[in-house]
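See structure below.
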Amino acid sequence: MKLRELIDKHYRSGELYSIAFKMTKQKDLAEDLLHSAIAKMIRYDNFEDRNFLGYAKVTMFRIQSNINRDSFMKSR
């Protein structure tokens, strides 16, 4: 299955949103994180047909880590 088809399937079912919401605990931040992750997955398209949800989760985790690091550095 192609990457865009997998994104569409899991986006419609709400699985991707639930992963993002678990990471952020806020509706608006979860939507922003999800859209950033989808854009990044489509831009780089290096998915190798293994575990799509794991790939999406790692992508979201890395984006969220960068956001957290940036906000920590700004508060110092």
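Pick from Phe47, Phe21, Phe61 the residue whose mean-square fluctuation is largest in a GNM of the chain, springs joining Cα atoms under 10 Å.
It is Phe47.
May I ask you to give the percent of accessible area on region 1-44 that is carbon plus sulfur, with a probe radius of 1.4 Å?
Numbers: 1610 of 3080 Å².
The value for region 1-44 is 52 percent carbon and sulfur by accessible area.
Order Tyr17, Tyr44, most accessible first, counting only protein heavy atoms with a 1.4 angstrom probe. Don't skip to the end; give the middle numbers.
Details: Tyr17 70, Tyr44 135 Å².
Listed by decreasing accessible area, they come as Tyr44, Tyr17.
What accessible area per residue, rounded to a whole number of Å², is obtained for the chain using a probe radius of 1.4 Å?
Working: 5720 Å² over 76 residues.
Ligands and nucleic acids excluded, the result is 75 Å² per residue.
Give me P(r) over the chain, computed from all C-alpha to C-alpha distances, binned every 10 Å, as integer percentages.
Each 10 Å bin holds this share of Cα pairs: 19, 53, 22, 6, 0.
Assigning unit charges at the beta carbon (Lys, Arg +1; Asp, Glu -1) and nothing else, what dipole magnitude in debye, to the nearest 20, does the chain show about its Cα centre? Don't skip to the end; give the middle numbers.
Values: 15 positive and 10 negative charges, 58 e Å.
Using only the charged Cβ atoms, the result is roughly 280 debye.
Under a GNM of the chain (C-alpha, springs under 10 Å), which listed residue has the highest mean-square fluctuation: Lys40, Lys22, Lys57?
Lys22
Label-point separation (nm) for Arg50 and Ser71, each offset 7 Å from Cα along Cα-to-Cβ?
Taking the two extended label points, one gets 3.0 nm.
Projecting each Cα onto the charge dipole of the chain (Lys/Arg +1, Asp/Glu -1 at the beta carbon, about the Cα centre), which of Ser65, Ser75, Ala20 comes out farthest on the positive side?
Ser75
Quick one: accessible surface of Thr24, probe radius 1.4 Å, all protein chains present, in square angstrom to the nearest 10.
20
The values are calculated or read from the model by the stated rules, or taken from the named source; none is laboratory data. Quantities reported herein were computed from a predicted structural model and do not represent experimental measurements. All Cβ positions, glycine included, derive from the backbone under ideal geometry; neighbour counts span all protein chains shown. We work out accessible area using only protein heavy atoms, side chains counted, and drop any ligands, DNA or RNA first. Shrake-Rupley method; radii C 1.70, N 1.55, O 1.52, S 1.80 Å.
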